[in-house]
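Student: Below: one structure in structure tokens.
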Amino acid sequence: MRKKLLLGNWKMNLLQAEAKVFAEASRALTQKAKAMNVMLGVAPTYLSLQTVKNANPELIVSSQDMHFEAKGAFTGEISAEMLADIGISWTLIGHSERRSYFGETNLSCNKKIKKALSLGFTVVYCVGETAKEYEENQTKQVILDQLTVGLQGVTEEEFQRIIIAYEPVWSIGTGLNASPEHAQDICSFIRKTLATLSSKSRAEAVQILYGGSVKPANVKAYLLQSDVDGALVGGASLTVESFEALLTQMA
Ligand code: PGA
């Protein structure tokens with residue numbers, strides 16, 4: 001039985017003090033999530049990772065990205081080793097904003113994924129089609145490429161620490177929701193593809209999240225889909241009130 005997971009992606013939001021207030025207020029939420037058997041986490045900016053972790057050690061704290069090299073002349077970058085050094089063991093990889101604004105490719109995602117997994121991280125690999133690809137009926141092909149290239153060389157053992165977030169790019173931050181049926185169709189396709197990349201039983205165990213304009217009012221409809229195990233939420237994860245409202249809907 002796959003556990004449900006609610007993960008907030010804060011993107012470039014919240015100052016240190018705001019992150020701390022959120023994390024302190026989230027202590028009650030992590031207790032509630034435990035009772036509901038739901039995994040709960042947030043991905044703050046690099047600068048707030050430690051603050052959030054210290055303020056609520058029960059909350060999963062994920063990085064939003066990382067570099068695939070351990071150290072060296074990569075101005076502005078942060079390595080997985082550096083994240084591990086401050087006690088972080090989760091990271092997002094391949095978020096569509098990294099792909100579209102910062103030149104992330106399936107190949108660079110693959111390097112990062114392999115590096116993170118080798119250090120024991122749990123990786124939330126983000127995939128999804130653009131509006132143009134959606135309109136041209138390319139969604140499944142795009143996702144197949146993202147999964148095949150992004151996950152090449154991942155070992156059977158490492159597969160247990162992969163989570164997939166399906167986020168149609170046209171739905172992120174736009175208020176344009178994918179229908180729950182579309183989400184289910186693609187998440188089921190993702191699971192079938194994972195089975196060909198590992199094994200059916202491993203694919204059955206992978207948590208697949210939906211993301212893109214998820215709100216307290218629509219999260220339940222996604223969660224009711226058999227291949228959707230949770231949500232990756234941007235805007236609606238920025239206040240603890242909204243985050244709590246999302247969690248309440250996950251029951
Ligand atoms: P959104 O962002 O919920 O604000 O659409 C989702 C994401 O980018 O992970």
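Student: Between Lys192 and Thr105, what length in nm is gained on full extension when 0.36 nm per residue of separation is reduced by their alpha carbon distance? Mind showing how you got there, number by number?
Tutor: Working: separation 87, 0.36 × 87 = 31.32 nm, distance 2.26 nm.
The Lys192-Thr105 span can extend by a further 29.1 nm.
Student: Around Thr193, under 15 Å between beta carbons, what's the net of Lys plus Arg minus Asp minus Glu among the other residues? List each step's numbers first, then the result.
Tutor: Details: positive: Lys140, Arg191, Lys192, Lys200, Arg202; negative: Glu129, Asp145, Asp185, Glu204, Asp227.
Residues near Thr193 contribute 0 overall.
Student: Now for a different question. Thinking of the chain as a set of Cα atoms, what percent of all their pairs are more than 33 Å apart?
Tutor: On the way: 3603 of 31375 pairs.
Result: 11 percent of Cα pairs exceed 33 Å.
Student: What does the charge add up to near Glu157, with Lys and Arg as +1, Asp and Glu as -1, over the other residues with Cβ less than 15 Å from its Cβ?
Tutor: On the way: positive: Lys114, Arg161, Arg202; negative: Glu156, Glu158.
Summing Lys/Arg as +1 and Asp/Glu as -1 gives +1.
Student: If I model a spin label at Val149 and Glu24 as a point 7 Å from the Cα along the Cα→Cβ vector, what separation in nanometres do I get?
Tutor: Using points 7 Å along Cα→Cβ, the separation is 4.6 nm.
Student: Please give me the summed charge of the neighbours of Phe243: other residues whose Cβ is under 12 Å from its Cβ, Lys and Arg +1, Asp and Glu -1.
Tutor: On the way: positive: Lys32, Lys215; negative: Glu241, Glu244.
Here the charged neighbours net out to 0.
Student: About its Cα centre, what dipole magnitude does segment 4-248 give when the only charges are +1 on Lys and Arg Cβ and -1 on Asp and Glu Cβ, stated in debye to the nearest 20?
Tutor: Working: 23 positive and 26 negative charges, 76 e Å.
Result for segment 4-248 is approximately 360 debye, rounded to the nearest 20.
Student: Pull out a ≥ b ≥ c, the square roots of the eigenvalues of the alpha-carbon gyration tensor of segment 83-134, then state rounded if a/c is under 1.5, prolate if not and a/b is larger than b/c, and oblate in the remaining case. Intermediate values should be presented prior to the final figure.
Tutor: Numbers: a/c = 2.51, a/b = 2.37, b/c = 1.06.
Judged from the Cα gyration tensor, segment 83-134 comes out prolate (a/c at least 1.5, a/b above b/c).
Student: Could you let me know the centre-to-centre spacing of segment 197-251 and segment 18-89, using Cα atoms, in angstrom?
Tutor: For segment 197-251 versus segment 18-89, the Cα centre distance is 18 Å.
Student: Which of the DSSP-defined H helices in the chain satisfy a minimum axial length of 27 Å, computed from C-alpha atoms, and a minimum mean Kyte-Doolittle hydropathy of -1.0?
Tutor: On the way: long enough: none.
In the chain, no H run is both long and hydrophobic enough.
Student: Want the number for Ala205 to Gln16: 0.36 nm per residue separation, take away the alpha-carbon distance, what's left?
Tutor: Numbers: separation 189, 0.36 × 189 = 68.04 nm, distance 3.55 nm.
So the extension gain works out to 64.5 nm.
Student: If you don't mind, there's one more thing I want to ask. What is the packing order of peptides 13-24, 96-107, taking the mean over residues of other C-beta atoms within 10 Å and listing the highest first? Don't jump to the answer; show the numbers that get you there.
Tutor: Numbers: 13-24: 17.2, 96-107: 15.2.
In decreasing order of mean packing, 13-24, 96-107 become 13-24, 96-107.
Student: Shape of segment 1-87 from its Cα gyration tensor (a ≥ b ≥ c, root eigenvalues): rounded if a/c is under 1.5, otherwise prolate when a/b > b/c, or oblate?
Tutor: Details: a/c = 2.45, a/b = 1.64, b/c = 1.50.
It is prolate, given that a/c is not under 1.5 and a/b is the larger ratio.
Student: Spin-label point model (7 Å from Cα, Cβ direction): what's the Leu176 to Lys32 distance in nm?
Tutor: With each label placed 7 Å out from Cα toward Cβ, I get 3.2 nm.
Here, each number is a calculation from the coordinates, and none is a lab measurement. What you are looking at is a predicted structure, and each value in this text was computed from that prediction instead of being measured. Positions of Cβ are backbone-derived with ideal geometry, glycine not excepted, and every protein chain shown enters the neighbour counts.
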